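A.B. asks: Pasting a structure below so you can have a look.
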Amino acid sequence: MSFEIIGQNASNVVSNVYVDTSHNIAVKDSDANTTLTSLNGKVTACNTGAVVVSSTALPTGAATESTLATLSGNVTACNTGAVVVSSSALPSGGATSALQTAGNADLSTLAGCVAGTTLTVSSGAISTTNTALASGATVSDGATETSASVDANAAHAVQVFGSCTDSTGNIRIQISADNSNWFDDSENSIFVDSLGFFGKNLKMIGARYIRLIYSNSSGSSATYSANCSIKA
């Protein structure tokens with residue numbers, strides 16, 4: 001079986017081109033034959049499976065053999081499974097060996113305070129200071145006895161107590177912030193019992209200084225003693 005192909009040469013002459021059953025093209029036009037022969041001589045067989053580039057221009061900044069060799073010389077084989085840091089700069093405030101030793105000592109101290117699941121805390125020694133405000137003072141009828149002041153700045157507890165032969169006597173507590181200007185403490189009152197004794201635990205004392213004032217209105221002289229104990 002053959003196919004008929006219509007072709008046109010360079011001189012615009014139309015001619016027939018035949019393809020036979022062996023897939024060969026037969027060109028009757030002599031000019032076409034000459035052109036095909038010329039093209040055939042310019043085509044070189046190419047093995048695309050083994051292309052060899054003899055030379056090519058590298059782009060600007062591309063790695064060359066010398067730069068790769070330099071890089072290779074700067075790379076040291078590293079066993080990341082056994083990395084040893086010989087030295088390293090700690091950031092500001094980083095833990096040093098000395099700080100860790102001190103921290104371990106503090107942890108050991110804390111561990112010594114724990115018995116089972118209970119933490120034992122020592123509050124230190126509690127001290128009590130007693131001040132004699134009046135000692136067997138004789139107070140005439142109508143007179144007033146003002147005690148020395150007591151600094152209660154570091155006090156956890158304050159108690160005043162004493163005796164007075166005037167069971168109806170008026171004993172007032174005064175408070176001051178500067179040990180100069182004094183004011184009556186209306187929250188705390190002191191009463192002398194039938195035996196002539198008195199005692200008062202002072203509550204809600206916010207002022208720094210305290211003192212006692214006894215006024216005798218019994219009609220005769222009275223004997224008065226007072227103490228102040230401060231527990232810090």
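A.B. asks: Residue by residue through segment 60-104, note down the ones that are among the small types (G, A, S) and not in a helix (DSSP H, G or I).
C.D. replies: Step one: list which residues in segment 60-104 are among the small types (G, A, S), which gives 61-63, 66, 69, 72-73, 77, 81-82, 86-89, 92-95, 97-98, 102-103.
Those that are among the small types (G, A, S) and not in a helix (DSSP H, G or I): G61, A62, A63, A77, S86, S87, S88, A89, S92, G93, G94, A95.
A.B. asks: Exactly one of (1) surrounded by 15 or more Cβ atoms within 10 Å (Cβ to Cβ); (2) in contact with a Phe, Trp or Tyr (Cβ under 8 Å, 6 or more places away or on another chain) is unmet by C228. Its number?
C.D. replies: (2)
A.B. asks: So is S123 modelled with pLDDT under 70 and within 30 Å of the chain's Cα centre (by Cα) or not? Quick ask: steps written out before the conclusion?
C.D. replies: Values: modelled with pLDDT under 70: yes; within 30 Å of the chain's Cα centre (by Cα): yes.
In short, yes.
A.B. asks: Cβ contacts < 9 Å: first residue more than 10 Å from S163 (Cα to Cα), restricted to segment 186-201; second residue at pLDDT 90 or above and small (G, A, S), any location; separation 6+ or different chain. Result?
C.D. replies: The qualifying pairs are I190/G199.
A.B. asks: Only one residue in S225, S167, S163 is among the small types (G, A, S), outside any strand (DSSP E or B) and touching a Gly at 6+ places or on another chain (Cβ under 9 Å), so which one is that?
C.D. replies: Details: S225 fails: outside any strand (DSSP E or B); S163 fails: outside any strand (DSSP E or B).
The match here is S167.
A.B. asks: Quick one: which of N201, N181, N188 is in contact with a Leu (Cβ under 6 Å, 6 or more places away or on another chain), in the same structural domain as A132 (by TED's automatic domain parsing) and either assigned to a strand (DSSP E or B) or surrounded by fewer than 19 Cβ atoms within 10 Å (Cβ to Cβ) (or both)?
C.D. replies: Values: N201 fails: in contact with a Leu (Cβ under 6 Å, 6 or more places away or on another chain); N181 fails: in contact with a Leu (Cβ under 6 Å, 6 or more places away or on another chain).
Going through N201, N181, N188 in turn, the sole match is N188.
A.B. asks: Could you list, in sequence order, all residues of segment 170-189 that are among the hydrophobic types (A, V, I, L, M, F, W, C) and under 18 Å from G136 (Cα atoms)?
C.D. replies: Narrowing segment 170-189 to residues among the hydrophobic types (A, V, I, L, M, F, W, C): 171, 173, 175, 177, 182-183.
Passing the criteria: only I171.
A.B. asks: Looking at L107 and the list (1) modelled with pLDDT of 75 or more; (2) part of a loop (DSSP other than H, G, I, E, B); (3) among the hydrophobic types (A, V, I, L, M, F, W, C), which single condition is not satisfied?
C.D. replies: Against the list (1) modelled with pLDDT of 75 or more; (2) part of a loop (DSSP other than H, G, I, E, B); (3) among the hydrophobic types (A, V, I, L, M, F, W, C), L107 comes up short only on (2).
A.B. asks: Mind checking which residues of segment 137-182 are of a type in the set (A, V, I, L, M) and under 47 Å from the mean Cα position of the chain (by Cα)? Break it down stepwise before answering.
C.D. replies: First, pick out the residues of segment 137-182 that are of a type in the set (A, V, I, L, M): 137, 139, 143, 148, 150, 152, 154-155, 157-158, 160, 171, 173, 175, 177.
Answer for segment 137-182, where residues must be of a type in the set (A, V, I, L, M) and under 47 Å from the mean Cα position of the chain (by Cα): V150, A152, A154, A155, A157, V158, I175, A177.
The values are calculated or read from the model by the stated rules, or taken from the named source; none is laboratory data. The model shown is predicted, which means the values in this text are computed figures rather than measured ones. Methodologically, a virtual Cβ is constructed for each residue, glycine included, from the backbone with ideal geometry; neighbour enumeration extends over all protein chains shown.
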